[in-house]
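Quick notes on the structure that follows.
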Amino acid sequence: MPKAIVIYLSTSGNTKAMAEAIVEGLESRNVDAKAVNFHETSIEDIKAADAIAIGSSTFYYKMLLPMEKFIESLEKATVADKVGAAFGSYGWSGEAPVMIAEKMRELGMDVIDPVLRIQYQPVEKDLEECKMLGKDIAKKLKKKFAREEGAAKPGEAIAPEEVKMGEGGH
Ligand SMILES: Cc1cc2nc3c(=O)[nH]c(=O)nc-3n(C[C@H](O)[C@H](O)[C@H](O)COP(=O)(O)O)c2cc1C
């Protein structure tokens, strides 16, 4: 089963609620997922994850410094090529998720575009969007695994989408 970790910084619970809904979406697509506060995250969890979502609320037009330091502490060798996603609650400008996605790309991750931002406390429809992000991460993971399997056994395990694209091209 693919694994995902959803890491967050949240001062009043808004980004945390988003993280938990993203986990729900992942689990509904059979991905083993958990939401963890950034300062409780272990390197083992990060290494074991096929996908990493990172969320932070915005303060003074950026992410808070401890989260910035946390992301900078991740090593390229550990996270490169993993699927990534950035999210966060915000009030009026919402820069943090964009900055997170930028840093994830610098680390060589395959980041879902666009980032997911929700204004203040997520309501039901916002939580549905978060679940959708979880499902999108799962979809990306499945495509990635199908491609890797295809590369290992040429001609055998080709993702259905790839077959369709080829057929439609002529
Ligand atoms: C001191 C302070 C500064 C803030 N600065 C920003 C900001 O620059 N841009 C923005 O979009 N929201 C800003 N916000 C709003 C928070 O991002 C927003 O309340 C968010 O929902 C908090 O989510 P959390 O509970 O996950 O931390 C600020 C809030 C506070 C209390």
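Structural remarks
- Residue in segment 18-39 that is polar (S, T, N, Q), within 30 Å of Ala146 (Cβ to Cβ), modelled with pLDDT of 95 or more and surrounded by fewer than 14 Cβ atoms within 10 Å (Cβ to Cβ) present: yes
Every residue, every condition in (1) of a type outside the set (Lys, Arg); (2) within 16 Å of the ligand (Cβ to nearest atom); (3) without any contact (Cβ under 8 Å) to a residue 40 or more places away in the chain, yes or no:
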| position | (1), (2), (3) |
| --- | --- |
| Ile52 | yes, no, no |
| Lys62 | no, yes, yes |
| Ile71 | yes, no, yes |
| Gly84 | yes, no, yes |
| Phe87 | yes, yes, no |
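- For Ala101, the conditions (1) surrounded by fewer than 24 Cβ atoms within 10 Å (Cβ to Cβ); (2) over 22 Å from Leu26 (Cα atoms); (3) at pLDDT 95 or above all hold with the exception of (2).
- Entry remark, segment 106-147: residues being more than 12 Å from the chain's Cα centre (by Cα) and of a type outside the set (Phe, Trp, Tyr) number 20 in total.
- Hey, Met1 touching a strand residue (DSSP E or B) at 6+ places or on another chain (Cβ under 9 Å) and assigned to a helix (DSSP H, G or I) or not: no
- Close contacts from segment 109-128, counting a first residue that is free of Cβ contacts under 8 Å to residues at least 60 places away in the same chain and a second that is of a type in the set (Asp, Glu) and surrounded by 13 or more Cβ atoms within 10 Å (Cβ to Cβ), with Cβ to Cβ under 8 Å and a gap of 6+ residues or different chains, come to Ile112/Asp136.
- Hits in segment 1-33 - residues which are within 16 Å of the ligand (Cβ to nearest atom), touching a helix residue (DSSP H, G or I) at 6+ places or on another chain (Cβ under 6 Å) and over 13 Å from Ala86 (Cα atoms): Ser10, Ala21
- Failed condition for Ala146, given (1) aliphatic (A, V, I, L, M); (2) more than 18 Å from Ala4 (Cα to Cα); (3) modelled with pLDDT under 95: (2)
The values are calculated or read from the model by the stated rules, or taken from the named source; none is laboratory data. Just so it is clear, the model here is predicted, and its values are computed rather than measured. Cβ sites come from the backbone with ideal geometry, for glycine too, and all protein chains shown count toward neighbours.
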